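Each remark here refers to the structure printed beneath this line.
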C-alpha cells in the first residue's frame, strides 16, 4: 500500500498515521520534517514542478518499497508557503521487522533532499529573502544508498 | 524533555505524538513496534522487573539524548498481555536536524532488544506457549553502537 | 519549432516569467544549446543563466542531461533543495 | 543472612514462585554460588538453573555479573527479549 501526495494544505500527521497503520504492521518507522524558525525566519516557501515533483516522489516510494519489501509506505510533501513549526514532509514506512522500516525511512528522507523537484525559499523578519542552496552533506548522505 | 514510561495500558500513539511535538522540533523520527499475529499467535505477554525495567529505559533515554543532543525524547514500553496489532513500544526522537533524530531512534530500538529487563512469552491458537529466545542478530545490531 | 519553456525557483524570478513559448534558431538542438541561447538573448537571460553548471533541466517531464536533444516542453531550474 | 530472591520469565515458571525469602549457607557469597545452590536444593531449582550460562541477575536493583557479591535483594532471569 503506497500512498504519495504533494499538497499545499497542512499535513494532518495523526490522520495519515491512522490511515497508514490500518494494516497493523509489525514495525513502523516515521520521519516528520518541520519548518525551523531559526534566524528570524517567518516563511518557508516550497516551489515545485507540477509533473516532476509527484513523479519523483512516486519513483522514490516504489524504489524503497521494492528494495526493503515494505508492507506500507506513506510519503507526503507539502509545497507552497509555510510558517515555523508546520510540517513540510512526512514519511511512514512499515514492514514486519524493524530494520527494513528504519532503513527505508532514512533512505527516503536522504533522497528527498537531492532527487525530487522542490526548491526552498526563506523569508526573514528583517525582510531578507533567499533561495536555499543545496548542502554538500546532503549529496553525501544521498549517495550512501547507491 | 525526556519522557519514559512502562505501562500495562494501551499506548495512545496519537496522544504521545501530540505531547512530544509540542515544541515544534525541526526533525522527529519515530518507531512503533506492534504485536505480529504470525503463526496463529493469540497473545504476547511481556514480563518485566518492577525496578530494573524503568531504570533501564531511563538510562537508555538519557544516553541517547546526550549522545545526539536531542531536543525531545519519548520512550514508552508496554508490559503485560497484548493481542496482535497492539503497540508494544513507541520511540519518538526529535532534534533540529534529521541525522540525529534518525540515529537516536535506531539506537534506542536496537538497545531495547538487549539492554532492558523485558521478556516476551507467546501464546498460540493451538495452545502452545513459549518464551521468546534472544536472537543472534539483535545482539549484533545492539553492539554496532558500542 | 516552438518550445514551451518553464522556469522554477530563482531561475523563474530572474527570468520574470514562469513559462513562455519561444522559437530558437535551428542550431539550438540540446538543452545546453538552449541555456546558452537564453543567456545571450537578453539581460534577464544573462542573469538567470550566468552559471550554466548550476542549471538543471527536464524535457517533456523527464529529467535530462545538458546534451539531451530538446523536446516540446522544457523545464529549467536550479539544483533541488527539498525534504 | 536472609535474602529476598525474585524470578522472572521462564525462571519464575520453573521455580513456581515469583519471590521467596531464603537463607543459604555461609559458603554462598556470589550470585554464581546462589544459582548453584538453588540448582542443587530441589527439583524445581534443578530445572530452572540447569544451564547457569543462560541465567542473568541483578543485585539490589542493579545488573550484576555472576561473581558479584550478594546483597539483600537478588533477581534471577533469562536473557532479555524486549523491544
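What follows is calculated from the coordinates using simple rules that are stated; it is not laboratory data. What you are looking at is a predicted structure, and each value in this text was computed from that prediction instead of being measured. Using ideal geometry, Cβ is built from the backbone for each residue, glycine included, and neighbour counts are taken over all protein chains shown.
In the stretch B:83-101, the residue that is farthest from the other protein chains (Cβ to nearest Cβ) out of those that are surrounded by fewer than 20 Cβ atoms within 10 Å (Cβ to Cβ) and farther than 21 Å from residue A:88 by Cβ is B:83. Of all residues in the stretch A:102-129 being more than 9 Å from every other protein chain (Cβ to nearest Cβ) and outside any helix (DSSP H, G or I), which is farthest from residue A:60 (Cα to Cα)? Result: A:126. Of all positions in the stretch C:53-72, at least one carries a residue that is more than 14 Å from every other protein chain (Cβ to nearest Cβ), surrounded by 12 or more Cβ atoms within 10 Å (Cβ to Cβ), over 11 Å from the mean Cα position of the chain (by Cα) and under 20 Å from residue A:116 (Cα atoms). The condition (being more than 12 Å from the chain's Cα centre (by Cα) and buried (at least 16 other Cβ atoms within 10 Å of the Cβ)) is satisfied by just one residue among C:13, C:23: C:13.
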